[in-house]
């Protein structure tokens, strides 16, 4: 009986450890700016992809999403709370439309993500412009939005794998 409990405990720790590793990978991917044709600061919204996808299939606590965004803000050098608020807003919008999105084809879900990414990019651009007290160039955020929309289908497979791993727990004895 004890070895069975230990096995279940280790399996649970392993699943959550892998999920945590996936979250850290998402944070690191999101924090690293790309230098695309001289457009510094271009970052695909990998965290937004994860929040959007997981908000459709499961409800994550908004406080956890905020904390996730806050960590990204610190890693990216963004003003604390900016990405965190964007992610919580995206989660709220996505969760509000969850029932509709669950019954849709992947193309509709993908289009929905593109709209959410565009809205997040515009809000982020506006916030940076307000902080600079002048309009910042809009091209880097638009490139980030376009890259995010293009990469979303590739992100779904690992995100779905992590989710399946977390929900497919062994049955208790």
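The values are calculated or read from the model by the stated rules, or taken from the named source; none is laboratory data. In this text, all values refer to a predicted model and were calculated from it rather than measured experimentally. For neighbour counting, all protein chains shown are included, and Cβ atoms are generated from backbone atoms with ideal geometry for every residue, glycine included.
Across the range 129-160, which residue is surrounded by the most Cβ atoms within 10 Å (Cβ to Cβ) among those that are within 20 Å of residue 51 (Cβ to Cβ) and without any contact (Cβ under 8 Å) to a residue 24 or more places away in the chain? Step through it out loud before you land on a result.
Initially, the range 129-160 is screened for residues within 20 Å of residue 51 (Cβ to Cβ), giving 141, 144-160.
Remaining after also requiring without any contact (Cβ under 8 Å) to a residue 24 or more places away in the chain: 141, 146, 150, 154, 157.
Numbers: 141: 24, 146: 16, 150: 12, 154: 10, 157: 9.
Per the criteria, the residue is 141.
Taking the residues in the range 6-53 that are surrounded by 12 or more Cβ atoms within 10 Å (Cβ to Cβ), at pLDDT below 70 and in contact with a strand residue (DSSP E or B) (Cβ under 8 Å, 6 or more places away or on another chain) as candidates, determine which candidate is farthest from residue 76 (Cα to Cα).
Within the range 6-53, the match that is farthest from residue 76 (Cα to Cα) is 36.
For residue 63, all conditions in the list (1) assigned to a helix (DSSP H, G or I); (2) surrounded by 13 or more Cβ atoms within 10 Å (Cβ to Cβ) hold save one; what is the number of the exception?
With (1) assigned to a helix (DSSP H, G or I); (2) surrounded by 13 or more Cβ atoms within 10 Å (Cβ to Cβ) applied to residue 63, the lone miss is (2).
Which numbered condition in (1) in contact (Cβ under 8 Å) with a residue 12 or more places away in the chain; (2) within 16 Å of the chain's Cα centre (by Cα) is the only one that residue 64 fails?
Exception for residue 64: condition (1).
Here are the criteria: (1) modelled with pLDDT under 95; (2) in a helix (DSSP H, G or I); (3) in contact with a helix residue (DSSP H, G or I) (Cβ under 8 Å, 6 or more places away or on another chain). Tell me which single one residue 122 does not satisfy.
Of the numbered conditions (1) modelled with pLDDT under 95; (2) in a helix (DSSP H, G or I); (3) in contact with a helix residue (DSSP H, G or I) (Cβ under 8 Å, 6 or more places away or on another chain), the odd one out for residue 122 is (1).
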